[in-house]
Amino acid sequence: SNCRDLGIVFSSDLSWSNHYKHISKKAYGQLLLLKRTFTTTCPSVKRLLYISLVRSQITYCSPVWRPMFIKDIVTLERIQRRSTKFIVGNSLSY
């Protein structure tokens, strides 16, 4: 079973996988909202919106639940990569 307190999802086995799923879903939802709403905005405004709405979701209380497994780090980095493409456009190669 899961317990949510102050935005952090705790599970009975003390794994953070449900928390990663929760914050990934929330941050990705914010990113999609920004993509739909601010399509023609300049990159500096997009960056400010990303920091305020998406990155704040990802980094909230991160010292408590810091990702230890590669799959969790990849999930969070995927959101950041998509956010970077949103900010600078799709012309940036990785």
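Data table
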{"item": "Residue pairs meeting the criteria (Cβ under 8 Å; at least 6 apart or on separate chains; first part of a helix (DSSP H, G or I), in the stretch 56-83; second of a type in the set (Lys, Arg) and at pLDDT 85 or above)", "result": "Gln57/Lys26; Gln80/Arg55; Ser83/Arg55"}
{"item": "Members of the stretch 1-30 that are farther than 12 Å from Trp65 by Cα, among the hydrophobic types (A, V, I, L, M, F, W, C) and surrounded by fewer than 11 Cβ atoms within 10 Å (Cβ to Cβ)", "result": "Cys3, Leu6"}
{"item": "Single residue of the stretch 40-55 satisfying the filter (of a type outside the set (Ser, Thr, Tyr) and without any contact (Cβ under 8 Å) to a residue 12 or more places away in the chain) that is farthest from Gly7 (Cα to Cα)", "result": "Cys42"}
{"item": "Hits in the stretch 38-80 - residues which are over 27 Å from Phe10 (Cα atoms) and under 16 Å from the mean Cα position of the chain (by Cα)", "result": "Lys46, Arg47, Leu48, Leu49"}
{"item": "Residue list for the stretch 33-42, filter: surrounded by 12 or more Cβ atoms within 10 Å (Cβ to Cβ) and in a helix (DSSP H, G or I)", "result": "Leu33, Leu34, Lys35"}
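The values are calculated or read from the model by the stated rules, or taken from the named source; none is laboratory data. Here the structure is a predicted model, which is why all the values come from computation and not from measurement. So basically every Cβ, Gly included, is an ideal-geometry build from the backbone, and we count neighbours across all protein chains shown.
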